[in-house]
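Contents: one structure, followed by commentary.
The values are calculated or read from the model by the stated rules, or taken from the named source; none is laboratory data. Predicted model, so just to flag it, every value in this text is computed and none were measured. Counting neighbours? That spans all protein chains shown, and the Cβs are built from the backbone with ideal geometry, glycine included. Surface accessibility is based on the protein's heavy atoms, side chains included, excluding ligands, DNA and RNA. Shrake-Rupley method; radii C 1.70, N 1.55, O 1.52, S 1.80 Å.
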Amino acid sequence: MSELTEPSARLRLAAELAIGLARRLAMTLEPSDMPGYYWHYAQTPFEDGCYVLWELGAAMTLVETQSGFEGMTHPQYELAKRRRGEEAFAVYSFFEAPKTRASVLAYGELPDALFARLLDVYLKTACEYGPEGTQLYSGREPFTPALEFVQEIAAFIACGYAEECGNMIRWSDKIASAI
């Protein structure tokens, strides 16, 4: 993506979903013994969420190298994995919102399969996990999202996945298969 080209609505949605996913994972997962890192409990939605953020360059995982532990993004790991004795661990560090947004926008247009994975894991995490009472509504009726979801909802609307319904929001048919 060149600097003169405005990112597509779908890429902007992907960036907001990545930010929201990182936020939800950080509030849901417990910190690991390594400061700034979270363990995904070896549970599929959390594992998938951590991995998709890592793949997008919006998270780091700890890698045991011959010289000790080192945090690496997916591109760094891809280069480093050719060295013997390195292994990825199941703990991840999530970037702050501006860095996450920049990483996803720099990634460029996501392949359909990667976008679908991000959308799926975001919805599972936002709608099913987190402190009680903080989940994103997933039903068909109009709803008022919590303030933490404002950016994601605006991006969902821009892509046609949700629509304004007076002062409320309603999911569109476009997102029905994902919810």
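Using Stokes-Einstein with the Kirkwood hydrodynamic radius over Cα pairs, what translational diffusion coefficient do you get for the stretch 38-179 at 4 °C and a viscosity of 1.567 mPa s, in µm²/s rounded to a whole number?
Numbers: Rh = 16.8 Å.
For these conditions, the coefficient is 77 µm²/s.
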Q.
Taking the Cα centroid of the stretch 129-144 and of the stretch 35-60, what is the distance between the two, rounded to the nearest whole Å?
A. 22
**Q.** Degrees between helix 44-55 axis and first principal axis of the chain (Cα, 0 to 90, nearest 10)
**A.** 70
(Q) Going by amide H atoms built from the backbone, whose H comes under 5 Å of the H on residue 91, apart from near neighbours? (A) 62
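What's the whole-number percent of alpha carbon pairs in the stretch 20-61 lying beyond 12 angstrom? Mind dumping the intermediate values first?
Numbers: 485 of 861 pairs.
Roughly 56 percent, once rounded to a whole number.
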Q. In whole Hz, what ³J(HN,Hα) sequence does the stretch 164-179 give by Karplus (6.51, -1.76, 1.60; θ = phi - 60°), x for Gly and Pro?
A. 6, 9, x, 8, 10, 10, 9, 5, 8, 5, 4, 9, 3, 5, 8, 8
Q: Obtain the nm distance between the two label points defined at residue 147 and residue 127 by a simple spin-label model: each point lies 7 Å from its Cα along the Cα-to-C-beta direction.
A: 2.6
(Q) Test of understanding: what is the full-extension gain from residue 168 to residue 76, defined as 0.36 nm times their sequence separation minus their Cα-Cα distance? (A) 28.9 nm
Q: Would you mind checking which residues have amide H under 5 Å from residue 71's amide H? H placed 1.01 Å from N; only 5 or more apart, or other chain.
A: 63
**Q.** Most to least accessible of 12, 24 (protein chains only, probe 1.4 Å)
**A.** 12, 24
**Q.** Vicinal HN-Hα couplings computed from phi for the stretch 57-65 (Karplus, 6.51 cos²θ - 1.76 cosθ + 1.60; Hz; Gly/Pro x)
**A.** x, 10, 7, 10, 10, 7, 10, 8, 10
Q.
I'd like the Karplus ³J(HN,Hα) series for the stretch 23-34: coefficients 6.51, -1.76, 1.60, θ = phi - 60°, whole numbers in Hz, and an x wherever there's a Gly or Pro.
A. 4, 5, 5, 5, 7, 9, 7, 8, x, 7, 5, 8
